[in-house]
Amino acid sequence: MVTTQAVPALCGNPYAADCSTRRILDRIGDRWTVLIVGILGDGEARFSELRRRIDGVSPKMLTQTLRGLERDGLVSRTVHPEVPVRVVYALTDAGRTLLGPLRALREWSIAHLGDVAASQRAYDQAE
């Protein structure tokens, strides 16, 4: 039996509930996506390397995120028919366009870490 899923509207308005841009924002705003794209910005990597370099990611979440990125055309998966089989992941051209914006977010988070931590402490003490 073949099931069909509703395709979100291609409207370009992330404030509209049925707009496909929300799905894209969910994908690129996900913490695992940010970290995976950052690593793949240095070149292709195997699953085990990604898992080793991304502290705290479970194999299940890494697999799900890589599959989603592949489905969205941001990451390619290449299987090399060797013994044992070698699988590598790399950014596509579209995926590479995310490097600049995600680098800016990473740099912003590092630059403002102290300010955010101070605000959190002040907020928590006020409650």
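Bear in mind that the values in this text are calculations on the coordinates, not laboratory data. All values reported here derive from a predicted model rather than from experimental measurement. Cβ coordinates were reconstructed from backbone atoms using ideal geometry, including for glycine residues, and neighbour counts include every protein chain displayed.
Amide H contacts for V75 (H built 1.01 Å from N in the peptide plane; partners 5 or more residues away or on another chain; cut-off under 5 Å): E70, T92. If the chain linking R67 and Y123 were pulled fully straight, counting 0.36 nm for each residue of separation and taking away their Cα-Cα distance, it would gain 16.3 nm. With the Kirkwood sum run over all distinct C-alpha pairs, the chain has a hydrodynamic radius of 16.9 Å.
In this simple spin-label approximation, R51 and R96 carry label points 7 Å from Cα along the Cα→Cβ vector, and these lie 2.9 nm apart. Applied to region 112-117, the Karplus parametrisation 6.51 cos²θ - 1.76 cosθ + 1.60 on θ = phi - 60° returns per-residue 3J(HN,Hα) values of 10, 4, x, 4, 5, 4 Hz, with x for Gly and Pro.
Note: relative contact order over region 21-126, using C-alpha pairs below 8 Å and six or more positions apart, is 26 percent. Rounded to the nearest whole Hz, the Karplus-based 3J(HN,Hα) values (6.51 cos²θ - 1.76 cosθ + 1.60, θ = phi - 60°) of region 71-80 follow the sequence 4, 7, x, 9, 10, 10, 10, 10, 9, 9, with x at glycine and proline.
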